[in-house]
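So the structure is just underneath, and the comments pick up after that.
The values are calculated or read from the model by the stated rules, or taken from the named source; none is laboratory data. Every value quoted in this text rests on a predicted model; they were computed, and no experiment measured them. Using ideal geometry, Cβ is built from the backbone for each residue, glycine included, and neighbour counts are taken over all protein chains shown. All accessible areas refer to the heavy atoms of the entire protein, side chains included, with ligands and DNA or RNA removed. Shrake-Rupley method; radii C 1.70, N 1.55, O 1.52, S 1.80 Å.
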Amino acid sequence: YTFNFAAKKWSKTQIRVRIDHYPFQEGTLRSVFFMKDLSKPPGPLQDYVAKISKDPEEPMESYFQDVEMHALADYYAEEFVQYGVPKPISYIEAAVIECHDRNPLKPGGRVLFSIEPFMYGPFIKYTNNYGWINPGAPRHTPQAFSHFTWCMSQGNTLVIDVQGVIDHMGVDRYTDPQIHSANNHPIFGKADLREDGIRKFFETHQCNEVCRMLGLPEGMQLTEPYVPPAKTPPNFFDPEGAYPHMPYPTGFAGFHGLHAPPPPGLTPPGPFPGQGGFPARGFPPRGFPAPAPPFPFSPLSGSGASPQTNPFSPVSGGSTGWNP
């Protein structure tokens, strides 16, 4: 089941998948399994993760609500990059599958998983849903993005729990968002902490250069409706070849979304030569050029380039204090 945010409609198709017998990760609420989408061409495009609730009484609607949260967060991400921000971001696409050959946790139940493409590279959690900020990854963009979502919704929703990877082209690819909503707004699941969660975010949030660039008001206050600055066409894509390939495991995406078409004049990279996958985390498959150093973020160590060669290192922050 996939969700079209623009049309606000769900669609259904049949696919064939293989899910591991045992989870590779356990969260507080869900178990996470490796999954292969066998309806896709062999290679990294098949690689997914599948999440299932540990609670046998989990409402089926919660799986679909999570996907709708993903879609709303990606809508805000697409808006965010239209205003001249220094760092491209996107949310990977999520979906729901129903497995007919797997035994349900309770008789007569349905076996549902939420799925998303497997994310290659060092995974970083920047914030949680209750005001925590990762002291080891002091970035401006994740904080400013959350603040932006609250202002763009005129104080109704806040996208939080920002986490994901930085791909080898320097694009922030986020996943698994949580949304806090105003008390008079429809709730986004059991982790929606309403205005208490929104207050916790603003208790620790300090506006940065990106916030000021977007004209976001300080603190949890909107004395008048927020009006963003004039849109600036994003310059992250150069049709003449700045992004000639986007060999990310989730397909040719750009920063706009998982299945967005390539920019005019460019063609998707697939199929992957040799179907060899990724020889190292975050590097492109064999046959595709690696990005020229200095890397915006080291795909192997996750430590970022040195401040001398890359003042925007996402971990160190560099020596300038400006860390998008």
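Summary of computed values
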quantity: Filter pass, Ala94 being closer than 25 Å to Glu195 by Cβ and of a type outside the set (Lys, Arg); calculated: no
quantity: Residues of the range 59-109 satisfying the condition of being polar (S, T, N, Q), farther than 26 Å from His21 by Cα and touching a Gly at 6+ places or on another chain (Cβ under 9 Å); calculated: Ser90
quantity: Cross-chain or 6+ apart pairs with Cβ under 8 Å, the range 85-104 first and open to solvent by 30 Å² or more (accessible area, probe 1.4 Å), then of a type in the set (D, E, K, R) and part of a loop (DSSP other than H, G, I, E, B); calculated: Glu98/Arg110; Pro104/Arg110
quantity: Residue, nearest to Trp150 (Cα to Cα), within the range 105-127, restricted to residues that are open to solvent by 40 Å² or more (accessible area, probe 1.4 Å) and within 29 Å of the chain's Cα centre (by Cα); calculated: Lys125
quantity: One residue from Ala50, Ala77 being more than 30 Å from His140 (Cβ to Cβ), surrounded by 19 or more Cβ atoms within 10 Å (Cβ to Cβ) and small (Gly, Ala, Ser); calculated: Ala50
quantity: Residues (surrounded by 17 or more Cβ atoms within 10 Å (Cβ to Cβ) and either acidic (Asp, Glu) or part of a loop (DSSP other than H, G, I, E, B) (or both)) located in the range 11-36; calculated: Pro23
quantity: Residue check for Val162: within 16 Å of the chain's Cα centre (by Cα), closer than 16 Å to Ala77 by Cα, modelled with pLDDT under 95 and among the hydrophobic types (A, V, I, L, M, F, W, C); calculated: no
quantity: Residue satisfying all of: in the range 149-200; of a type in the set (Ser, Thr, Tyr) and in a loop (DSSP other than H, G, I, E, B); nearest to Asn323 (Cα to Cα) among these; calculated: Thr175
